[in-house]
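First, the structure itself, so that you have it in front of you.
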Amino acid sequence: MKLKRSWITVTAVVASALALSACQTTPSPAPGTAAKPAQAKPAEAAKPITPEMAGNLANNCFTCHGPNGRSPGSIPSIVTLSSGDIAAKLKRFKSGEAPSTVMGRQAKGYTDAEIDAVANYIAGLKK
Amino acid sequence: MNKFTRRDFLKLAGVSAAATAAGTLGFSVIARGQSGSKPGGAKGAHVVVIGGGFGGATCAKYLKLADPSLSVTLIEPDKQFITCPFSNYVLAGFGTMQTITHGYDALRKKHGVQVVQDFAVAIYPTKRTVRRKSGKSISYDRLVVSPGIELKWGAIKGYDPAAATAMPHAWKAGAQTLLLRKKLEAMRNGGTFIIVAPPNPFRCPPGPYERASVVAHYLKQHKPKSTIIILDAKDDFSKRGLFIDGWDKLYPGMIKWVAAAQGGTVKAVNTKKMALETEFDTYKGDVVNVIPPQSAGRIALDAGLADDKGWCPTDPMTFESTKHKGIYVIGDASIAGEMPKSGFSANSQAKIAASAIIADLRGQAPIEASYVNTCYSLLAPDYGISVAGVYRVTAEGIKSIPGSGGVSPRDADANFRAEEAKYARGWYASITADTWG
């Protein structure tokens, strides 16, 4: 049992590292520092956005933008956009800098960190 | 990360999870497209979904996308699903039944969902089984109930299933949609079309008013002397300012809305006289559409999933029933805080329920929920409006995020309305692909 427990510790630490790197809201910390995310980025440590959480946020995009962001109709596809493009567009909709019909109203519902996490998630999907 | 590749890590996580009785690891990648991990807790578990509409079909699909090792059975009585969204355009003559009809082939073949064409008649929460109309029983590890609505027959005196042939509700799309369309086609020029709008809460809050709009579009072209009266059990309705502006602009004098305070609440129907009794008056229509008060779908009521008002209370973070553990109620049947009863809401709730079910099967805490709704309405084929909402879970349940969402601007120009009409069609193409594709 002792051996198994140590395995768990190892995987848990690696898991934290993966969770952070998948978000990419900040440059990924090295595995060795991942156990102390609070020191890495205090502002987001209070509410880290895990990949699963990013998935829950991003899944709502597909209702209008189509499965995986591939739209079959008149709403723009987001499937081929880079993470940076998606995040930049959403932030411009949010600020009102970019005109929109509904996206401004939608984007105002998310923090910038959530927007980054959603953008990374969508750009990182296997398509 | 040089020593562990991602693949190695996931393998390792899977092994550990299996070795430590599933889920104690506290980490798994269930987000789709990033999967690869199959912790033992959910593997081979059987999730049964009752109802193949926006809620049920989406949930079945997203369960399989998130964890292909799950066994998912969808029980749906109809071979194909006909959507309420866009059925108003069939009534108005610019939409077809074909475009609002969706099959289950993709769920079966592409996603590996077992689709059983049968009627779920009873749920036994302690035995974790569902009895089907065919007599067969099916057992589940987790159950999703997405039965839509039940029309409250008799809530308006005289309005029963027989009366619905004379005065269609057309609030469950299909034969009723075609019946009401036929009656509108047969109506004389100069006739009166009456819509009886239900009290809150009900399926598709802007629906009755969109219906009035697009039927006005039809009548204006083909029977321009006709009028529309909406008899309402409410004093307000979704996107009211935008609807009334649009009516004044597109159909001046054609649509009359009678609020509850003005005596709009219909108490009784008389199908022989095509008459509607309100508190003060009797209204007669050439064509009458009664949208009656509603509750959660029958099976939810029978299974004891609903409260005394007929809707199902749920945990806002997971949509698990607060009445029976292991059962998740989504879509119109559920009580969902500030979310309206819409296809979009059902689709959004379905994804969260799928995520929560998988977490639960793995012995993990649910992942934080995030919900969205957007409802488009057409006032004419090239005139669209919308209401949007972004929701999160608070101590008071599901709430709209302050500063987000809301309705289309009231002062928008014709281009903006045309864009929204275009996006309404795009929305339909996308949500139906996301749900049944």
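The values are calculated or read from the model by the stated rules, or taken from the named source; none is laboratory data. Remember, it's a predicted structure, so these values are computed and weren't measured experimentally. Note that we place each Cβ from the backbone using ideal geometry, even for glycine, and neighbour counts take in every protein chain shown.
Filtering the range A:77-99 down to residues that are in a loop (DSSP other than H, G, I, E, B) and surrounded by 16 or more Cβ atoms within 10 Å (Cβ to Cβ), which residue is farthest from the other protein chains (Cβ to nearest Cβ)?
If we take residues in the range A:77-99 being in a loop (DSSP other than H, G, I, E, B) and surrounded by 16 or more Cβ atoms within 10 Å (Cβ to Cβ), then A:LEU81 is farthest from the other protein chains (Cβ to nearest Cβ).
Continuing with the same structure: Have a look at B:GLY437, B:GLY405 and point out the one that is farther than 30 Å from B:LYS79 by Cβ, facing chain A (nearest Cβ under 10 Å) and crowded, with 19+ Cβ neighbours inside 10 Å.
Going through B:GLY437, B:GLY405 in turn, just one is farther than 30 Å from B:LYS79 by Cβ, facing chain A (nearest Cβ under 10 Å) and crowded, with 19+ Cβ neighbours inside 10 Å: B:GLY405.
Could you check B:VAL72 against (1) of a type in the set (A, V, I, L, M); (2) crowded, with 23+ Cβ neighbours inside 10 Å; (3) in a helix (DSSP H, G or I) and say which number it fails?
If we test B:VAL72 against (1) of a type in the set (A, V, I, L, M); (2) crowded, with 23+ Cβ neighbours inside 10 Å; (3) in a helix (DSSP H, G or I), just (3) comes out false.
Follow-up. Which one of these is more than 30 Å from B:GLY95 (Cβ to Cβ), away from every other protein chain (no Cβ under 13 Å) and part of a helix (DSSP H, G or I): B:ASP332, B:ASP360?
Every option except B:ASP360 fails the conditions.
Here is a check on your reading of the model: is B:GLN176 of a type in the set (S, T, N, Q), within 28 Å of B:GLY310 (Cβ to Cβ) and either surrounded by 14 or more Cβ atoms within 10 Å (Cβ to Cβ) or at pLDDT 95 or above (or both)?
When the stated conditions are applied, B:GLN176 passes them.
Please specify each residue of the range B:408-424 satisfying the condition of being under 18 Å from A:GLN106 (Cα atoms), of a type outside the set (Lys, Arg) and either within 26 Å of the chain's Cα centre (by Cα) or more than 9 Å from chain A (Cβ to nearest Cβ) (or both).
Those that are under 18 Å from A:GLN106 (Cα atoms), of a type outside the set (Lys, Arg) and either within 26 Å of the chain's Cα centre (by Cα) or more than 9 Å from chain A (Cβ to nearest Cβ) (or both): B:SER408, B:PRO409, B:GLU419, B:GLU420, B:ALA421, B:TYR423, B:ALA424.
Residue-wise test of (1) farther than 12 Å from B:TYR371 by Cα; (2) free of Cβ contacts under 8 Å to residues at least 12 places away in the same chain; (3) touching a helix residue (DSSP H, G or I) at 6+ places or on another chain (Cβ under 6 Å).
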site	(1), (2), (3)
B:PHE319	no, no, yes
B:THR322	yes, yes, no
B:ILE335	yes, no, no
B:PRO340	no, no, no
B:SER345	no, no, no
B:SER348	no, no, no
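Any idea which of B:ILE352, B:ILE367 is facing chain A (nearest Cβ under 7 Å) and in contact with an Asp or Glu (Cβ under 7 Å, 6 or more places away or on another chain)?
B:ILE367
Which of the residues spanning the range A:100-127 are facing another protein chain (nearest Cβ under 9 Å), over 19 Å from the mean Cα position of the chain (by Cα) and of a type in the set (S, T, N, Q)?
Passing the criteria: only A:THR101.
Do we find that B:ALA365 is over 30 Å from B:ILE228 (Cβ atoms) and more than 25 Å from the chain's Cα centre (by Cα) in this structure?
Here the answer is yes, as B:ALA365 does meet what is asked.
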